[in-house]
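K.L.:
Structure incoming, see below.
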Amino acid sequence: MSIAKKEYKRITTKTLVDMKKNGEKISMLTAYDYTMARIVDGAGIDVILVGDSASNVMAGHETTLPITLDQMIYHASSVVRGINRSLVVVDLPFGSYQSDPKEALRSAIRIMKESGGHAVKLEGGKELKEVIKRILNAGIPVMGHLGLTPQSIYKFGTYTVRAKEADEAQALKEDALMLEKAGCFAIVLEKVPAALAAEVAKSVSIPIIGIGAGNGVDGQVLVTHDMLGMTYEFNPRFLRRYLDMYTEMTTAFENYSKDVKSGDFPNEEEQY
Ligand code: KIV
């Protein structure tokens, strides 16, 4: 059992802020279903993100834009049934919060009520100030997301590193301060230079969880299917693969097929 597991029975948004204060790094991974959530939670991962990356990983879409609020609620409710300890953060999908604060609040309430998730995440900075305040006023914790924001992919046109130029870096630093002031409990910072990410992490008291943002931040998040090596087309520099599940699974499926076709499976002990 990990130290973190012994120390915290249940992870809350306050636990994460305390972890930053104590210099304890935060681990976060994605999950979209019950079985994966049970394993991730059981391994002592602090935060489970029901990411809109489900649009890519689970549904095979090229971007995160097509996934709907109903689909996010389905994934999130499956995850919530699988956890005992982790904090479950659910992405507000594209189109469910950008047009006006009231609609954003309705979407966030649906997520909390219908999935049982513990917090929502949304992508963007100062343009979302009113949206964030409205959601927070209803008692719903909000995680921000800055840097590479995949829901805006058609605006940027590329998934390359963000905020390399001084003006974009300055805007990002201001956005982080705004999110903290507005009341967000944490911020995901995606694909920005490590030095900038470390500077942002030092400038705020809420945790900065990085993905492709170096080691000077307060925690790390990866897409579980990527770190397990189930996906093989996606090879960004920041991705560390802990398994080669694509090969392992392919071998298992090939062996099963071979056994079925040869009549080896099921054997005497595997039948009634
Ligand atoms: O949707 C997602 O999985 C995410 C992570 C990449 C941070 O937002």
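The values are calculated or read from the model by the stated rules, or taken from the named source; none is laboratory data. Because the structure is a prediction, the values reported are computed rather than measured. Ideal geometry is used to build each Cβ from the backbone, glycine not excepted, and the neighbour counts take in all protein chains shown. Remember, those area values only see protein heavy atoms, side chains included, never the ligands or the DNA or RNA. Shrake-Rupley method; radii C 1.70, N 1.55, O 1.52, S 1.80 Å.
K.L.:
Keeping all protein chains in place and using 1.4 angstrom, which order do PHE94, PHE253 fall into by accessible surface area, from largest down? Before the final figure, lay out the partial values.
P.N.:
Working: PHE94 95, PHE253 130 Å².
Result of the area sort, largest leading: PHE253, PHE94.
K.L.:
Calculated from DSSP H runs of 4 or more alone, at -39500 (n - 2.57) each and per residue, what is the 222 nm mean residue ellipticity of the chain, nearest 500? If you can, show how the numbers build up before the last one.
P.N.:
On the way: 12 runs with 116 residues, N = 272.
Counting only the DSSP helices, I get -12500 deg cm²/dmol.
K.L.:
How large is the dipole of the chain about the Cα centre if only Lys and Arg carry +1 and Asp and Glu carry -1, each at its Cβ, rounded to the nearest 20 debye? Display every interim value, and only then the final one.
P.N.:
Working: 32 positive and 35 negative charges, 246 e Å.
Rounded to the nearest 20 debye, it is 1180 debye.
K.L.:
By a straight-distance test (C-alpha under 19 Å), which aspartates and glutamates pair with LYS102 as possible cross-link partners, with residues fewer than eight away in the same chain excluded?
P.N.:
Excluding near neighbours in sequence, the set is ASP70, ASP91, GLU114, GLU123, GLU127, GLU130.
K.L.:
To continue, here is another question. Could you tell me the largest-minus-smallest coordinate of the C-alpha atoms of the chain on each of the three principal axes, in descending order and whole angstroms?
P.N.:
66, 39, 38
K.L.:
Does anyone have the angle between helix 166-182 and the longest principal axis of the chain? Alpha-carbon axes, 0 to 90°, nearest 10?
P.N.:
90
K.L.:
Counting other Cβ atoms within 10 Å of each Cβ, which trypsin sites (Lys or Arg not before Pro) in the stretch 1-98 have at most 11 and sit in a DSSP loop?
P.N.:
Answer in residue order: LYS9, ARG10.
K.L.:
Quick one: among VAL79, VAL204, VAL260, which has the greatest mean-square fluctuation in a GNM of the chain with alpha-carbon springs under 10 angstrom?
P.N.:
Between VAL79, VAL204, VAL260, it is VAL260 that shows the largest mean-square fluctuation.
K.L.:
Separate question: On full extension of the chain, what length is gained from ILE153 through ALA59, given 0.36 nm per residue of separation minus the C-alpha to C-alpha distance?
P.N.:
Working: separation 94, 0.36 × 94 = 33.84 nm, distance 1.80 nm.
My answer for the length gained is 32.0 nm.
K.L.:
Okay, next question. Largest first, what is the accessible-area ranking of HIS145, HIS118 with a 1.4 Å probe? Spell out each step's value before the answer.
P.N.:
Values: HIS145 10, HIS118 50 Å².
So, going from the largest accessible area down, we get HIS118, HIS145.
K.L.:
A follow-up question, please. Taking the Cα atoms of the stretch 1-74, what is the range of coordinates along each of the three principal axes, in descending order and whole Å?
P.N.:
Each principal axis gives a Cα extent; for the stretch 1-74 these are 39, 24, 19 Å.
K.L.:
Filter the cross-link list LYS14/LYS173; LYS9/LYS173; LYS14/LYS133; LYS14/LYS202; LYS25/LYS126; LYS121/LYS155 down to pairs whose alpha-carbon distance in this structure exceeds 25 Å.
P.N.:
Numbers: LYS14/LYS173 23 Å; LYS9/LYS173 33 Å; LYS14/LYS133 18 Å; LYS14/LYS202 18 Å; LYS25/LYS126 27 Å; LYS121/LYS155 20 Å.
The answer is LYS9/LYS173; LYS25/LYS126.
K.L.:
Express the relative contact order of the chain as a whole percentage, based on alpha carbon pairs under 8 Å and six or more residues apart in sequence. Each step should come with its number before you reach the end.
P.N.:
Values: 509 pairs, mean separation 41.5, N = 272.
It rounds to 15 percent for the chain.
K.L.:
Sticking with this one: Relative contact order (percent) for the stretch 112-269, with alpha-carbon contacts under 8 angstrom and 6 or more residues of separation? Don't skip to the answer; put the middle values down first.
P.N.:
Numbers: 231 pairs, mean separation 23.7, N = 158.
Value for the stretch 112-269: 15 percent.
K.L.:
Return one number: the angle in degrees, 0 to 90 and rounded to the nearest 10, between the long axis of the Cα atoms of helix 69-80 and the longest principal axis of the Cα atoms of the chain.
P.N.:
Orientation of helix 69-80: about 70 degrees from the principal axis.
K.L.:
Okay, moving on. Output the 0 to 90 degree angle, nearest 10, between the alpha-carbon long axis of helix 101-115 and the longest principal axis computed from the alpha carbons of the chain.
P.N.:
With rounding to tens, the tilt is 30 degrees.
K.L.:
Which distance in nm do the two modelled labels at THR68 and ASN84 give, with both placed 7 Å along the Cα-to-Cβ direction?
P.N.:
Distance between the two pseudo-spin positions: 3.6 nm.
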